[in-house]
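Reading through the C-alpha cells given below for one structure.
The values are calculated or read from the model by the stated rules, or taken from the named source; none is laboratory data. Computed from a predicted model, the values in this text were never measured in an experiment. Backbone-built Cβ (ideal geometry, glycine too); neighbour counts: all protein chains shown.
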Amino acid sequence: MKKTTTTTKRVLLFPFMAQGHLIPFSQLAHLISLRNNHSVTLVNTHSNILTLRSILPSSSTVRLSSLPFNPSDHGLPPGHESTDSLPFHLFTPLFLSTESLRPAFTRFVSDALSSDPTSPLSIIADPFLGWTVDVAKDLGVFHAFFLTSGAWGSAVFLSLWTHHPLPWSDSGDLVLPNRPNVRLHRSQVTPLLLDGDADNNPEFAFFHRQIAQFCKSDGLIVNTAEGFERSGVEFLKEESGGMPVWAVGPLLRVPSTPSSDDTHIGWLAGHPPASVLYVSFGSMNTISASQMVELAMGLEASGTAFMWVIRPPSGFDFKGGFREEWLPEGFEERMREQNRGVLIHGWAPQMEILSHGSTGAFLSHCGWNSVLESLCNGVPIIGWPIAGEQFYNSMMMVEEIGVCVEIARGNGNESVVCREDVERIVRSVMMGGEGEEMRRKAREVGEVLRAAVGEGGASVRAMDDFLHTAALSFV
Ligand code: UDX
C-alpha cells in the first residue's frame, strides 16, 4: 500500500491502571500528538480515562476512548479500577481483570483498521498488558511495550523472571546470570519470586505470562535517557534477546508556575535555598506504623526542615483518615509551631515542590517517576525503596551515579530503619559535604536529562526513529 509523508499516522496507547503508569503514558501520548501528522488515542477503562484527562494538558489533542469494564465482575469494589484506590490485596484481581479487556480492545483496533485502511496504525502498551501483543500480531499491527520504569530496573526485573529460579551465592545472595557482579539480598526481591510458583499463585502466574509475552513485541520504549542509563540500556537489550530499545525520556509533567498563594509553595518560599527535605513514598506504597515513628523521631532530631507527604501506615486504608496515634505525641503540632516541618495529608504538588529552589533533597521510595522528577531538578535522593524495581533504581543511583544514599536496602521487616540512622543520614545530606557533592552530581545529571529531551537531543532522535520504524512497518 502506498504511503505518503503526509498520511496521518495513528498511535494507540494503552497504559496499566496505576498513577505511576498513567502519568508517563499521558506524557508520551501528548508528545507524539505534537508531531506533524500524528493522531493519538489513549485507551482505558472509564474511570482511568477521567484520570488521564486530568493529567493531560487542557490543550492536548490526544483522544481518549473508554473500553467497557465492570469492576464488580472481577471482585473489585464499584468504581475501583486502579491501584490508587485499592488495598494491596486487591491488586491481583485488578491485574487479572485486565485480560477481560481483550475482546473490546480487539474490536477497537480492528474497527480503526477498517475505517481507514491506508493510514498507519501502531500500538504502544503497558508490559502488564502482555496480551496486547497477540492482538497486534493477529491484526498485523506494529506493537511496542512502553516501560514506565528505568532501563536498569526493568532489566533486573526481567532477568529475575526469565532466569527464575536464580542461583544463590555462598553468602546467601541472589546472583544474576548475565551480571554476576550484581548481588541481591533476598529482601530486595519480591516475595513472589522467592516463594511463588505458577501452579498455586495467580499473581505469579500473571507475571509469568507477561514475561512470556514481552519478547514477542516489536520493541521497547523506555522512560529514560541513554546518556543517563547507558549500562541499563545495554543490559535491557541483552536481557530481552536483542530487542530494539528506544530511550525517549525523561517524560515528565510540566510543573505549573509556582504560586506563593499555594500553601506548600508559600511555606517552601520562606526557607533558604536547598534547605528543605521533601519526603514521599509515591502513589501507592506506605511504611509500617513503627517505621513512621522512627522516621518522625529521626527527622525531628536532625534539625532539618522537611515537607512529608504522609499516608496511613501499611495495613490501613491508603486514602483513609489519619490518626494522631501513628506519630510521636505532639509531633505535628511541635513541627508546625517551630516552623520546622509540614505534613501533607493527601496529594502533594510533587513536581512544583521538587522544582522549588528551597528543596535540597528527596527522601523517596525510588519509584521511577519520582527519581526522574528529582534528578531533572538537580535534587539528590535518600533512598528508602519498598517494592518492585525500586530497589534496583536505588542501587543503580548509589553505585553508578552517586546521586543517592540509601537509608534502607530491603523491604518489610528485613530492613528496619532506626531513628539514629534517619538523623545521621539526613544531617549528612542536608548539612554535610556529602550532600553538597550529591547535589553537584544531581545538577550534572539534570543537565544530561534535560538535554536528551531538548532540541536535537538523543531522546528526541530515539522518538523519531521509533515513529519512523512503526509507520514503515505498516503494510
Ligand atoms: C509505581 C511503582 O511504585 C514504581 O516503582 C514504578 O517505577 C512506577 O510505578 P509509584 O509508586 O506511584 O509508581 O511512584 P512513582 O513512579 O514515583 O510515581 C508517582 C507519581 O505520582 C509521580 O509522578 C509523582 O510526582 C506523583 N505524585 C505522587 C504526586 O504528584 N503527588 C503525591 O503526593 C504523590
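Somewhere in region 304-321, is a residue among the hydroxyl-bearing types (Ser, Thr, Tyr), over 21 Å from the mean Cα position of the chain (by Cα) and surrounded by 15 or more Cβ atoms within 10 Å (Cβ to Cβ)? Working first, answer last.
Quick first cut of region 304-321, residues among the hydroxyl-bearing types (Ser, Thr, Tyr) only: 304, 314.
In the following step, the residues that additionally are over 21 Å from the mean Cα position of the chain (by Cα) were identified as 304.
Add one more test, that the residue is surrounded by 15 or more Cβ atoms within 10 Å (Cβ to Cβ), and what stays is 304.
Within region 304-321, one or more residues are among the hydroxyl-bearing types (Ser, Thr, Tyr), over 21 Å from the mean Cα position of the chain (by Cα) and surrounded by 15 or more Cβ atoms within 10 Å (Cβ to Cβ).
Do you know which residues across region 313-331 are of a type in the set (Asp, Glu) and either within 22 Å of residue 384 (Cα to Cα) or within 16 Å of the ligand (Cβ to nearest atom) (or both)? If you could, list the steps in order and put the result at the bottom.
First pass over region 313-331, keeping only residues of a type in the set (Asp, Glu): 317, 324-325, 329.
Passing the criteria: only 317.
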Next item on the list: Any chance you could count how many residues in region 249-298 are farther than 20 Å from residue 327 by Cα, in a helix (DSSP H, G or I) and touching a Cys at 6+ places or on another chain (Cβ under 7 Å)?
Entry: 0
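Quick one: which of 171, 154 is within 21 Å of the chain's Cα centre (by Cα) and either at pLDDT 90 or above or farther than 26 Å from residue 375 by Cα (or both)?
Details: 171 fails: within 21 Å of the chain's Cα centre (by Cα).
Answer to the selection: 154.
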Checklist line | Top-ranked residue in region 131-149 [being under 30 Å from residue 229 (Cα atoms) and of a type in the set (Gly, Ala, Ser); ranked as farthest from the chain's Cα centre (by Cα)] | finding: 136
Notebook entry, point to check: What is the residue count in region 336-381 for residues that are within 11 Å of the ligand (Cβ to nearest atom), part of a helix (DSSP H, G or I) and under 17 Å from the mean Cα position of the chain (by Cα)?
Noted result: 10
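Out of 340, 323, 334, which single residue is in contact with a Gly (Cβ under 9 Å, 6 or more places away or on another chain), without any contact (Cβ under 8 Å) to a residue 40 or more places away in the chain, of a type in the set (Lys, Arg) and outside the structural domain of residue 225 (by TED's automatic domain parsing)? Can you show your working first?
On the way: 340 fails: without any contact (Cβ under 8 Å) to a residue 40 or more places away in the chain; 323 fails: in contact with a Gly (Cβ under 9 Å, 6 or more places away or on another chain).
So the residue among 340, 323, 334 that is in contact with a Gly (Cβ under 9 Å, 6 or more places away or on another chain), without any contact (Cβ under 8 Å) to a residue 40 or more places away in the chain, of a type in the set (Lys, Arg) and outside the structural domain of residue 225 (by TED's automatic domain parsing) is 334.
Can you tell me which residue among 423, 399, 373 is in the same structural domain as residue 443 (by TED's automatic domain parsing) and crowded, with 20+ Cβ neighbours inside 10 Å?
That would be 373, the only listed residue that is in the same structural domain as residue 443 (by TED's automatic domain parsing) and crowded, with 20+ Cβ neighbours inside 10 Å.
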Note to self: Residue under question is residue 301, and the condition is that it be surrounded by 15 or more Cβ atoms within 10 Å (Cβ to Cβ), within 14 Å of the ligand (Cβ to nearest atom) and either touching a residue at least 12 places away in the same chain (Cβ under 8 Å) or in a loop (DSSP other than H, G, I, E, B) (or both); does it hold?
What the structure shows: no
Check: Which residues, counting only those in region 227-247, are buried (at least 23 other Cβ atoms within 10 Å of the Cβ) and part of a loop (DSSP other than H, G, I, E, B)?
Finding: 228, 229
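When you look at residue 118, is it out of contact with any His (no Cβ under 7 Å at 6 or more places or on another chain) and at pLDDT 95 or above, yes or no? Reasoning before the result, please.
Details: out of contact with any His (no Cβ under 7 Å at 6 or more places or on another chain): yes; at pLDDT 95 or above: no.
No.
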Notebook entry, point to check: Quick check: is even one residue across region 234-249 basic (Lys, Arg), without any contact (Cβ under 8 Å) to a residue 24 or more places away in the chain and within 19 Å of residue 448 (Cα to Cα)?
Noted result: no
Note to self: Taking the conditions exactly as written (closer than 25 Å to residue 434 by Cα, touching a residue at least 12 places away in the same chain (Cβ under 8 Å) and within 15 Å of the ligand (Cβ to nearest atom)), does residue 310 satisfy them or not?
What the structure shows: no
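Taking residue 436, is it free of Cβ contacts under 8 Å to residues at least 24 places away in the same chain and farther than 29 Å from residue 123 by Cα? Even if it seems obvious, please write down each step before you answer.
Working: free of Cβ contacts under 8 Å to residues at least 24 places away in the same chain: yes; farther than 29 Å from residue 123 by Cα: yes.
In short, yes.
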Next item on the list: Scan region 210-226 residue by residue and report those that are part of a loop (DSSP other than H, G, I, E, B), polar (S, T, N, Q) and farther than 19 Å from residue 367 by Cβ.
Entry: 217
Notebook entry, point to check: Do you know which residues across region 291-348 are among the aromatic types (Phe, Trp, Tyr), out of contact with any strand residue (DSSP E or B) (no Cβ under 8 Å at 6 or more places or on another chain) and at pLDDT 95 or above?
Noted result: 331
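What do you reckon, is residue 35 in a strand (DSSP E or B), among the basic types (Lys, Arg) and over 18 Å from the mean Cα position of the chain (by Cα)? Even if it seems obvious, please write down each step before you answer.
Numbers: in a strand (DSSP E or B): no; among the basic types (Lys, Arg): yes; over 18 Å from the mean Cα position of the chain (by Cα): yes.
In short, no.
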Margin query: Kindly evaluate residue 104 against the criterion of being more than 27 Å from residue 395 (Cα to Cα), surrounded by fewer than 17 Cβ atoms within 10 Å (Cβ to Cβ) and at pLDDT 95 or above.
Written below: yes
